[in-house]
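Contents: one structure, followed by commentary.
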Amino acid sequence: MPELSILPQMVLSGMLIGFIYALVSVGLTLIYGVMDIVNFAHGEFLMLAMYVAFWLYALIGLDPLLSLPVSVLALFVVGVLTYKLVIQRVLHAPMSAQIFATFGLMVLLQNGAQFLWSPDYHLIQEPLLAGRVEFLGLYAGKPQLFAAVGALLTTGIVYWFIERTETGRALQAVAEDREAAALMGVNSDRTFALAWGIGAACVGVAGALLANYYYIFPTVGTVFVLVAFVAVALGGFGSVPGALLAGVIIGIVEVLAGLFIGPAYKEVIVYILYMVVVLIRPQGLLGEW
Amino acid sequence: MNQLQVSGLTKRFGGLTANLNIDVTVGDGEIVGLIGPNGAGKTTLFNCVAGIYRPEAGRVVFEGRDVTGWPPEKICRAGVARTFQIVKSFGQMTVLENVMVGAFLHNARSAAARATAMEVLEFTGLAEKQGMLARNLTIADKKRLELTRALATGPKFMMLDEAMAGLTPKETQEAVELIQALHDRGITILLVEHVMEVVMPISDRIVVLEYGQKIAEGEPAQIARDERVIKAYLGVEYRASS
Amino acid sequence: MKRMNYLLAGILIVSMLLGACVTTETPTAAPTNPPATQAPPAGGATDVAPTEATAPEPVIIKIGALYPLTGAVAATGIASKEAIEFAADIVNNSYPDLNLPLASEAGLPNLGGAKIEVIFADHQMDPEIGASETERLITEEQVVAIVGAYASSVTATASQAAERLGIPFVNAQSTSPGLTERGFQWYFRTTPHDGIFSELMFKFLTDMKETKGVDISTVVTIHENTLFGTDSSTTQQNFAGQYGFTVLEDIAYPHETADMTSEVAKLKADNPDVVLPTSYISDAILMIRTFKDQGYAPQAILAQGVGFTEGSFLPTVGKDGDYILSREVFAADLAEAKPLVGQVNELFMEKYGRELEGATARSFTALLVLAEAINRAGSTDPEAIRQALLATDIPADQLIMPWDGVRFDPVTHQNVLGTGIIVQAFDGAYHTVWPFDLATREIVWPYPAWSDR
Amino acid sequence: MTRRRQYLTPRRMFLVLFTAALIAFPLVVKQGSLHRLMILVFLYALLGEAWNILGGFTGQVSLGHAVYFGVGAYTSTLLLVKLGITPWVGMLAGGLVATILSQIIGYPCFRLRGHYFVIATIVLAELVQILFINWKWAGGAIGISLPLLPESWLNFEFNSSKLPYYYISLSLLATVVGATYLIVKSKAGFYFRAIKEDSDAARSLGINITGYKMLAMAISAFFTGVGGVFYAQFVLYVSPDNVLQFSLSTLAMLIPVLGGIGLLWGPVLGAFILIPMSEFTRIYLSGAGSAIDLVVYGLLIVLVAVFEPRGLLALPDRLRRGGRAR
């Protein structure tokens, strides 16, 4: 049994991975909040973002740090296209049909990636961000630390955007009541497209940051997406701060559970935590019905 | 004897009080109209009785049984049927199937349920539309279907929430006749309306709410004369039309 | 629900049904030998065709080969397929200068120079498909024996099907120890299993203690918690006891976990002399990265192959992979001690443009072993072949493997002479470091601290 | 009612024709591989049909049905391996255990709505899978290979021919479709659909919606569990990553959604298209692990979802305009 002195370090490390979970979840929850659709291809958006970062690095030696804007832009486009080509057409279909659609997209993207780029694993060898920083007895990998900061910033920006800007309010209005919003002259179609764009862009950030230190392969999305689903539900569907909070909680719980109960059970503990929370608060930590 | 007795009922939503200490009684076989301007708390009271909301204070007694806070399905089984202000028909099911859902409450077998359903459909005059999908009906027919569906549960007491809102005069007239017919079947009726014209003539008694409180109760004639009611709600146009 | 729909449903379904029959009636062969539909370089067709053409001779002996030709591990499957075609070519044609079974003569002498034809089937890593493809190979293709199936979970069901139908199943690569404990009559395994490999790893550690005088007594096993990892760590713990090592802890972690902080933290807390990881590639990559991040360096990291020895592992982790030790079944640099390996490797290189490695070398060997047995049996009767396999005794010098030979245990049918080697990574490539007489590089011990890289 | 009668004959005709075709199929087509394909079609049609009762008719979208499949498979297998009880008893037991589990899972989950429910079912399924991975007594991650018993109906093992499996799976499917038909026509069926359409209205008509959701879940889980038992006997190998894998949960949903969700024949049609489709794309398109087959597979799914979200059975209906499917 490891001694407790390493506890602060573990909590820190847990938070660091937690911020990544959060960042992946934010996009998901945003899309959900605006239009009640869970994007099962969300993990594949992350995968695409990571490949964008990787190829820019492999082909023109552009560091993920610098290619971040590109990934974000690319994913924004991917999001909008997904909405225009697929989601728009299943907006009024039953939930199962919507899941069906995004699930198909997931299969398509995963295997499209394997078809185009082979199932091989990639890792960005010499990113600008490397090594670790040490402070008051704690340490953290620079890329992880940077990713955490990036996650916080992005979440903050998205939150500010939704709460404070005109467009953001439009998003909320549409989320509240499409008809009413329409009367107020909000074009719900454009708003939805925007939501998908931003949602995907968030994953774009996540992918670029993750590419700094995580391996890249066609099904890398699946490693993160289930956690993201849980985080979104745990935080409350549609709640951006909720996703952030939940992501970090899950990160910490995973590490501590792994440490004290055994890595084989770390997910179990997270799932149990989730079930307990939603049974007490069916709408999740910060969500409302 | 009073079939429904609501006493001292109070319902709050966070800060605002939707119903405050309301007493309403509906006698066996009566038609009672519950009226009041929008936001007077009619639907809230209605939902407290129907079991959608649980009141903070007060009791709802139906046929001598305290049904306060019972869930809707239990209230229904006790013999209280209701319709919704915004129609909630089962859009993807046919008219007959809609009504059969109601009829199944007292029929375990499909054949029996179908028979009951057909009987009430004939009664409400929707029989020839039995094959249509509910979502393809007109508003008037949807409201009628909802009423038929509720009737199929064999209620002693029916609560109709704005059964006539948004209907053409002709449709309204048909609706009034239907309500009369229900009454003739021996069903007690509580009407929630703010369209005065239709409530006044058919109601035995009228209860008036304003700002969540009961401001008047009595026969239509005296309600029509009640100054507070007139001031609060009716305004001139009712006098004019009467 | 609309009656019309029933009707149309019916018509659609029936047409589907008929469609199903018609469409597959014609190209039944398609699933049978993907070569036809495979990318040309694999060239199954191009190899087999001439032998069929130039052999109006007595018989063609059909052998089934079951591999994952699509999906995540397709790369390995395709490579194994090439190795098997290569072996078939060596049997069917004359290679006098190779000291391999059946290399010198063309075909199988005891069967009037009969040629062997290998029919491939794709199991996609799915146990159910594996079993049914085996049945199809046996019942519809009339193969006399089967080689396969790479993944242990598929081998489990496929060999079961072969067992039921009474056809020999020679297993080249599956290393789950339990497979040879099932008391099967028709299942033979040429490759050493994880038990043997695990023992090898402890023999190596003991040898290091005795000859190099390193001071090691404690180990921690860390493994992904599916079939492969669980099997491996179980056997490792048994042998640790036998060889006098203390297992401080057995850490199981979920496959494809996103983060290994807690796993490595436990390792640091236990602070063993040697870490014994059993991982697939994704976890292996993450593990090494986390070691680096947390600056963790035990005396030695001794891996149970697979994730750590898979082709793209070292290229992916780059220099961070250096000095990792792993058990291996084969390494091309064996050529330095075993010229035969060099000869075969060159031929394979010029034919398929890639070096032999663990998977291919073992597939190659398995087919030779099977062919040699069929030849000795002098008949294609399954029971005769089974008896011949039981009597197999191929000396080490006729193998490209670092084994002491091939001889099957009369009960379990496990090759009792199989063994492995220990390799270590030096600038992006693995080199044999043990047994010392096969070593091509001097072992680096202990594992250097990350700070002095 | 009258409309029903006048349509009855063509439907009967089709049913007879269809059943006859299926019974005759293996006698006409002798290829074992095609028998196997059909067996899979029947099995997955059964899964879809079972899912449809909960997800299609009652509108509770579950993505955790792998649990019931796996638990069914494990139950019969453990009974056989540990106690030597014939799988036929195991089939009943498997269904029952799945049903019981479904009630344990359903109780908390039905307090959740919409996507909260979906995610909860996924999470619980994952949880069960992890528990099985770590449950040594039940074979842990390694799973259990079923003992090879002499081929017999009692042992539920056949190796010389797949025909018994074919007819067992066919009759299982027939039973489930028949049962579903009766359920849909019954009180419970009407209540299921009412709950899906509008739960408030349903309650106002005296329906105990939680109770009926649990009932739908129970029936659905039972059939799924039985399917799992058949699979275990067919493949003779159960492990957490073959009978408890997430893809089973998705497949159970994809099939009815493809064919026509909430329609009796939707899952059957869905399975008859999806399973052969994925098999054939695999056989004809899969080159050297390029995964092009799954690319096509995914693309087809998206196309169906985009152009006929109500499922293929809605197509004829769309042609007859008015969109009156479901």
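Relative to the compact-globule estimate of 2.2 N^0.38 Å, the Cα radius of gyration of chain B comes out at 1.00. Compactness of chain A was expressed as the Cα radius of gyration divided by 2.2 N^0.38 Å, which yields 0.99.
Measuring nothing but how far apart in sequence close Cα pairs (under 8 Å, 6+ apart) lie, relative to its length, the stretch B:88-154 scores a relative contact order of 50 percent. The label point for C:N110 and the one for D:S171, both projected 7 Å from the Cα toward the Cβ, are 4.8 nm apart.
Highest mean packing first, where packing is the average number of other Cβ atoms within 10 Å per residue, the peptides A:111-121, D:80-90 line up as A:111-121, D:80-90.
P(r) for the stretch B:88-154, from all Cα pairs and a bin width of 10 Å, is 27, 60, 13, 0 %, short bins first.
Using the rule -39500 (n - 2.57) for each DSSP H run of four or more residues, divided by the residues of chain B, the 222 nm mean residue ellipticity is -10500 deg cm²/dmol. Just so you know, the averaged projected area of the alpha carbon convex hull for the protein assembly as shown sits at 52.4 nm².
By the beta-carbon count within 10 Å of each Cβ, the least crowded to most crowded order of B:Y53, A:Y57, fewest first, is B:Y53, A:Y57.
Build a GNM of chain A with springs between Cα atoms under 10 Å apart, and of A:L256, A:L136, A:L16 the one that fluctuates most is A:L136. Translational diffusion of chain D, estimated by Stokes-Einstein from the Kirkwood radius over alpha carbon pairs at 25 °C in a medium of 0.890 mPa s, is 120 µm² per second.
The fewest-to-most ranking of D:W265, D:W137, D:W51, C:W434 by surrounding Cβ atoms within 10 Å reads D:W137, C:W434, D:W265, D:W51.
Lys and Arg at +1, Asp and Glu at -1: add these up for the other residues within a Cβ distance under 9 Å of C:T360 and post the number. Overall, the nearby charge balance is -1.
The Rg/Rh ratio of chain C, with both radii computed over alpha carbons and Rh defined as the Kirkwood radius, is 1.02. Using a simple spin-label model with pseudo-atoms 7 Å out from Cα toward Cβ, C:D404 and C:E350 lie 3.6 nm apart. Put the Cα centre of the stretch A:142-178 next to the Cα centre of the stretch A:213-254 and the gap is 16 Å.
Distance between the 7 Å Cα→Cβ label points at B:E63 and A:V133: 7.4 nm. Measuring between alpha carbons in the structure, the pairs from D:K82/D:K136; C:K62/D:K162; A:K266/C:K266; C:K209/C:K319; B:K42/B:K231; D:K185/D:K213 lying more than 20 angstrom apart are C:K62/D:K162; C:K209/C:K319.
Of the trypsin sites (Lys or Arg not before Pro) found in the stretch B:142-242, those that fall in a DSSP loop while having at most 15 other beta-carbon atoms within 10 Å are B:R185. Its relative contact order, with pairs defined as Cα atoms under 8 Å and 6+ residues apart, puts the stretch C:383-439 at 20 percent.
Other residues whose C-beta falls under 11 angstrom from the C-beta of B:P55 contribute a net charge of +3, scoring Lys and Arg +1 and Asp and Glu -1. Shape of the stretch B:1-88 from its Cα gyration tensor (a ≥ b ≥ c, root eigenvalues): rounded if a/c is under 1.5, otherwise prolate when a/b > b/c, or oblate? Rounded is the answer for the stretch B:1-88, as its axis ratio a/c remains below 1.5. When only alpha carbons are used to place a centre, the stretch B:19-61 and the stretch D:158-217 end up 39 Å from one another. Neighbours of D:I39, meaning other residues whose beta-carbon lies under 11 angstrom from its beta-carbon, give a summed charge of +1 when Lys and Arg score +1 and Asp and Glu score -1. Per-residue mean of foreign Cβ neighbours for C:118-131 is 3 (Cβ atoms of other chains, 10 Å radius).
Computed over the stretch C:206-308, the P(r) tail beyond 18 angstrom holds 44 percent of alpha carbon pairs. Screening chain C for whole DSSP H helices of 30 Å or more along their axis (Cα) with average Kyte-Doolittle hydropathy at least 0.5 returns C:3-25. Helix A:240-260 and the long axis of chain A differ in direction by around 30°, with both axes built from C-alpha atoms. Think of it as helices only: each DSSP H run of n ≥ 4 in chain D is worth -39500 (n - 2.57), and spread over all residues that comes to -23500 deg cm²/dmol at 222 nm. Using a cutoff of 8 angstrom between alpha carbon atoms and counting only pairs six or more residues apart, the relative contact order for chain C works out to 15 percent. Under 17 Å of direct C-alpha separation, and excluding same-chain neighbours fewer than eight residues apart, B:K142 reaches these aspartates and glutamates: B:E97, B:E122, B:E128, B:D161, B:E162, B:E171, B:E174, B:E177, D:E197, D:D198, D:D200. Counting Cβ atoms of other protein chains within 10 Å of each residue's Cβ and taking the mean over peptide C:222-233 gives 4.
Sorting A:138-150, A:217-229 by average packing, meaning the other beta carbons within 10 Å per residue, from highest down gives A:217-229, A:138-150. To test your reading of the geometry: what angle, between 0 and 90 degrees and rounded to tens, separates the Cα axis of helix B:139-151 from the longest principal axis of chain B? Around 80 degrees separate the two axes. Remark: D:V29, D:V176, B:V60 ranked as D:V29, B:V60, D:V176, counting other beta-carbon atoms within 10 Å and listing the fewest first.
Where a number appears in this text, it was derived from the coordinates with a stated rule and is not lab data. What you are looking at is a predicted structure, and each value in this text was computed from that prediction instead of being measured. Ideal geometry is used to build each Cβ from the backbone, glycine not excepted, and the neighbour counts take in all protein chains shown.
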